[in-house]
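Heads up, the thing below is written out as structure tokens.
The values are calculated or read from the model by the stated rules, or taken from the named source; none is laboratory data. All of these numbers come straight from a predicted model, not from anything done at the bench. Neighbour counts run over all protein chains shown; Cβ positions are idealised from the backbone, glycine included.
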Amino acid sequence: MTPIDGRAMARALCDRTAADVAALAARGIRVGLAVILVGDHPPSQVYVRRKIAETARAGIASFEHRLPADTGEATLLALIDALNHDPAVHGILVQLPLPEGIDAGRVLDAIAPGKDVDGFHPVNVGRLSTGTGGLVPCTPLGCMMLLDSVIDEYRGLAAVVIGKSNIVGKPVAMLLLERECTVTVTHIATRGLPEIVRTADIVVAAAGAPGLVRGDWVKPGAVVIDVGITRVTDNEGRTRLMGDVAFDELGHARAATPVPGGVGPMTIACLLANTVRAARKAQH
Ligand code: GUN
């Protein structure tokens, strides 16, 4: 089995993006990304810190907006409206989850689709499902780049997606369908999940269930992308990250992504690439 090195691939993509940012800067365009974090959800704090650090490294201007957990929806919507009209801001990202009392759907609807670097706005979701361009969610985009590094021809391959979230499961299923895979979307309530996964040439595990997919669920020669990142604490109180897949049991697979070092780094790299894409589109 070949481990797919997400860190190396993310580094290469970040380098390409930094070169694109520099080329735009030479034309007088400073690429800018606004990141909004509401409340103090601990994992979100970590993700946002990383996103801001990588944004700066690529030479992208970041506009960080940290709002208290009791921020009203109207205040958040007013901020988004201002960013929508700010020409220095090419991408807007609202970190999820939002605190209770704020309707995430209404917030995502308020982001200008051309600045929606997460690809969560209904216009971009619709564009993805009709294959008509638009901004594509970062983690699914990263999954496809990781798959592209080992798969030349997708046509007719059986792909099984585990997870039906709007952030990963549904969009990655759309991308695989666009490549003419035969896609089965499963989730935590699916009956006979191991048998279904055994039919797959491509497995994308995004259930958020650590160690769910065992080695004997995976067909010899299959390619496995593990999107799960769950922090678990062992008996000695040590914490570590666990994927949805028992990576150690995949000796018979063709290729697979480890956790950490697989999909995770690609998500941020794709966010930066999406921001450049949004900035380029804004010039036309
Ligand atoms: N929360 C978990 N994943 C994501 C993501 O990709 N984007 C945003 N905005 N929030 C998230």
- Message: Considering only region 95-111, I want to know if a residue exists there that is under 17 Å from residue 207 (Cα atoms) and outside the structural domain of residue 79 (by TED's automatic domain parsing).
- Response: no
- Message: Residue pairs, Cβ under 9 Å, 6 or more apart or interchain, first in region 245-264 and among the acidic types (Asp, Glu), second surrounded by fewer than 21 Cβ atoms within 10 Å (Cβ to Cβ). List them.
- Response: 248/215; 249/214; 249/215; 249/216
- Output yes when any residue across region 13-33 is under 30 Å from residue 284 (Cα atoms) and either at pLDDT below 95 or within 14 Å of the ligand (Cβ to nearest atom) (or both), and no when none is. yes
- Number of positions in region 147-173 that are crowded, with 22+ Cβ neighbours inside 10 Å and under 12 Å from residue 128 (Cα atoms): 3
- Message: Just to be sure I understand, how many residues within region 113-123 are touching a residue at least 60 places away in the same chain (Cβ under 8 Å) and in a helix (DSSP H, G or I)?
- Response: 2
- Subset of region 210-232 (residues that are surrounded by fewer than 17 Cβ atoms within 10 Å (Cβ to Cβ) and either within 18 Å of residue 261 (Cα to Cα) or within 21 Å of the chain's Cα centre (by Cα) (or both)): 211, 230, 231, 232
- Item | Lone qualifier among 161, 150, 125 - being within 15 Å of the ligand (Cβ to nearest atom) and of a type in the set (Val, Ile, Thr) | 125
